[in-house]
Structures are given as structure tokens and as C-alpha cells.
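The structure appears right after this line, and notes come after that.
The values are calculated or read from the model by the stated rules, or taken from the named source; none is laboratory data. None of the values given here were measured: they were computed from a predicted structure. As a convention, Cβ positions derive from the backbone with ideal geometry for all residues, glycine included, and neighbour counts pool all protein chains shown. The protein model used for the area step is the full one, side chains on, heavy atoms only, and it has no ligands, DNA or RNA in it. Shrake-Rupley method; radii C 1.70, N 1.55, O 1.52, S 1.80 Å.
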Amino acid sequence: MVDTRRYAGPRDLRAMQELTSRIWSPESRWHVGDLAWGRFQHVGREAEWPTMLWDAGGRTLAWGWIELPGHLELAVDPGRPELADEVLGWFEETVRDTDRSVVVSSAETHLVEALERRGYLRADGGPFFVHLSRDLQALPEIRLPAGYVARAVGDEDVPGRVLAHRAAFHPSRVSVESYSAVRDAWPYRQDLDRCVVAPDGSVAAYCLLWLDEAAGAARIEPVGTVPEHRGRGLAGAACSAGLRAARAAGAALAVVAPRGDDAYPVPARLYRGLGFQDRARSLHFHAHAASDAQS
Ligand SMILES: CC(C)(COP(=O)(O)OP(=O)(O)OC[C@H]1O[C@@H](n2cnc3c(N)ncnc32)[C@H](O)[C@@H]1OP(=O)(O)O)[C@@H](O)C(=O)NCCC(=O)NCCS
């Protein structure tokens, strides 16, 4: 007997993370850290995010997270592939008159099959993400230009860390309030939140990692360098420091998922330069409101 329930707060995020960790592989679209970052990096967006969980036997077997008006993210236990149809059915009911999009990893074949079964079409040629990984042996040295210092983000660094993020990802809705919520979220760890401080004391670059202890895998999300400090190796240094910290915390592997298309090549170049290798890519499916396959 499978029960469905609407997302009702951080306790349900933990249930979603528990499933995400249980079925995780280096090729997965979702890691426990993505869920924490994705759910807390902005405040005030819950009304735009209808989210549903499918549970049985005290465990979550599937979840769906809609970003209105018509986008779906999901995870489904591959041992219960029929639940992918349940999630997609709920999505189609919820955004009935809207064009729909869904993103999965190329390795999540049970999700790809469900999407194809329901008439979703693959959108090729646009932006996509590459899933990269590397083991944490023989990590690159932390190389910094004179005057720059790499360290963990302390409480006193939070306003500067937020300014750096807002500059790197301009325009950005990340704020001191939302970043504080990120720091309160499981499994955030201060030792895996690394920044590079410029000679003038401002945060010039940063790299946040999230450790899934059960999987022994750390996810990099996000990385940024303030525009006027770019091209000096600071993102590489922040990531190298973060990867070392992740190894010290018990991770054996790290993953990251930058854009893979030629329109936005720098982040993938950064990570491949740090020894990350390609594992999978995102697949982007869509369905027009009128086509309503199988409904
Ligand atoms: C991606 C980003 C973090 C890189 O920061 P950075 O401090 O300039 O990066 P580094 O100086 O460490 O350079 C890393 C690699 O990218 C290359 N690179 C950096 N800027 C580049 C540019 N404008 N064009 C081409 N290559 C560039 C460097 O040559 C280096 O490659 P190499 O190792 O082969 O020499 C920065 O551009 C940024 O904040 N972008 C916006 C946020 C973002 O997209 N973050 C990544 C999300 S996954």
C-alpha cells in the first residue's frame, strides 16, 4: 500500500533526502546536498513548489517537486519503477493546461522509460548538464596568488560570502536570511564551506560541498568567483580546498554537475581541469499542454 502526502516542511525534505541517498549513484541527477541547497537557497518560494511524496512501509519510495508553472524534478526508487507514472500523473493533473518539462539523468533509465511511455519528447540541442565525478586520492595542490587566503566560512564571513555569491551569480536572490537557512539545513557542514579571501578582506571565491556520509560522496554546489577576481585560479583553489576537506570528512568521491553545452563552457573546464571525468548527462523532456499523452 503506497500513501501519498504533500510536502509539509523540513522533516519531509529529510525523507526526500533519505530516498535520494538510498538510490544514489555518481550518475544520479540528485544528491542530498542538491536538495538542501535547492530548497533553501531562496526564501519565500514554497508556494511555487508543489511537492509530493510517495511512502510505503515507513519509507519514501518516490518524490516529485514541481516548479510552477510547468517544470518537474523527481526521484523514484528503481525497484518501484511504476511509481514514476504516479509522479508524472500527479504532475500532469497539477499543471493541466501548461507546457511541461522534466529533467532526469541519462543513467536514470526507469525515469526515461516512463517519460517515453507517456509521450514526452526529448529536447536536444539546448542547455544541458554533465554529471562529473572524481575520486579523492591524489588531489590537486591549493595554489593561490600572493595575498589571497583559503579558509572555511566562519559566522563572521556570512555577509561577505553572500555578497560574493550575489556578484558571481548576478542577478541572484540569495540573501543573508536564505544563506543562514542553508547553513541550518542537513547535511550542511561548516568545514565543507570554503572561501578564498582577497587581500582587502572581501570574499573573492567560494566552494560549498555537501557530504552524503552513507554514500561516501560529496557534491559541489555551488562554486563562484566575484567577476573582478576571475581567471586567477581562485575557483580552482577553493574547490581543491573543499575536496581536501571532504576527504578529511570521510568522502571517497566527489560529484558536480555543470553545464555541458558550448554556450556556457567555463565551469566544466574548471572541474575537468581538477580531474573530474564525465559519467552521465541530463536529458530534458517536454510535453505540450494539448498533447496530454495517456490522460
Ligand atoms: C566558473 C567560475 C567559478 C570560474 O572561476 P575562476 O576563479 O575564474 O576560475 P579559475 O581561474 O580557477 O579557472 C578555472 C578554469 O577555467 C578557465 N577559465 C576561467 N575563466 C575563463 C574564461 N572566461 N574563458 C575561458 N576559460 C576560462 C581557466 O583557464 C581554468 O582552466 P584551466 O584549468 O584549463 O586553465 C566563475 O566564472 C563564476 O563564478 N561563474 C559564475 C558562476 C558559475 O557558473 N559557477 C559554476 C556553477 S557549476
Can we say residue 130 is part of a strand (DSSP E or B) and over 29 Å from residue 44 (Cα atoms)?
yes
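Provide a single number: the residues in region 128-170 that are closer than 30 Å to residue 25 by Cβ and more than 11 Å from the ligand (Cβ to nearest atom).
Just the residues of region 128-170 that are closer than 30 Å to residue 25 by Cβ, to begin with: 128-142, 152-153, 165, 168-169.
Subset that is more than 11 Å from the ligand (Cβ to nearest atom): 128, 131, 133-139, 141-142, 152-153.
Of the residues in region 128-170, 13 are closer than 30 Å to residue 25 by Cβ and more than 11 Å from the ligand (Cβ to nearest atom).
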Just give me the residues in region 219-275 being within 12 Å of the ligand (Cβ to nearest atom), in contact (Cβ under 8 Å) with a residue 60 or more places away in the chain, farther than 15 Å from residue 31 by Cβ and of a type in the set (Lys, Arg), in sequence order.
232, 259, 272
Based on what the data block shows, is residue 147 in contact (Cβ under 8 Å) with a residue 12 or more places away in the chain, in a loop (DSSP other than H, G, I, E, B), assigned by TED's automatic domain parsing to the domain that holds residue 245 and not basic (Lys, Arg)?
yes
Yes or no: region 153-164 includes at least one residue that is in contact (Cβ under 8 Å) with a residue 60 or more places away in the chain, farther than 21 Å from residue 231 by Cα and part of a loop (DSSP other than H, G, I, E, B).
no
Would you be able to say whether some residue in region 98-109 is of a type outside the set (Phe, Trp, Tyr), modelled with pLDDT under 95 and in contact with a Leu (Cβ under 9 Å, 6 or more places away or on another chain)?
yes
Tell me which of these residue 35 doesn't satisfy, since it passes every other one: (1) over 15 Å from residue 102 (Cβ atoms); (2) in contact (Cβ under 8 Å) with a residue 24 or more places away in the chain; (3) open to solvent by less than 40 Å² (accessible area, probe 1.4 Å).
(2)
With respect to residue 201, determine if the residue is away from the ligand (no atom under 16 Å from the Cβ) and within 19 Å of residue 166 (Cβ to Cβ).
yes
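Kindly provide the set of residues from region 110-124 that are at pLDDT 95 or above and not aliphatic (A, V, I, L, M), ordered by number. Spell out the reasoning first.
Looking only at region 110-124, we keep the residues that are at pLDDT 95 or above, and these are 110-122.
Listed by number, the residues that qualify are 110, 113, 116, 117, 118, 119, 120, 122.
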When you scan region 158-180, how many residues do you find that are within 14 Å of residue 40 (Cβ to Cβ), surrounded by fewer than 16 Cβ atoms within 10 Å (Cβ to Cβ) and of a type in the set (A, V, I, L, M, F, W, C)?
1
Inspect all residues belonging to region 81-96 and state whether any of them is modelled with pLDDT under 95 and not assigned by TED's automatic domain parsing to the domain that holds residue 162.
yes
Among residues of region 1-51, those that are under 23 Å from residue 106 (Cα atoms) and among the hydrophobic types (A, V, I, L, M, F, W, C), counted:
9
Flag for residue 180 being of a type in the set (S, T, N, Q), in a helix (DSSP H, G or I) and under 29 Å from residue 60 (Cβ atoms)
yes
Have a look at 45, 80 and point out the one that is touching a Phe, Trp or Tyr at 6+ places or on another chain (Cβ under 9 Å) and surrounded by fewer than 19 Cβ atoms within 10 Å (Cβ to Cβ).
80
Flag if residue 76 is within 17 Å of the chain's Cα centre (by Cα) and among the β-branched types (Val, Ile, Thr):
yes
Might you check whether a residue that is within 16 Å of the ligand (Cβ to nearest atom) and among the hydroxyl-bearing types (Ser, Thr, Tyr) occurs anywhere in region 184-197?
no
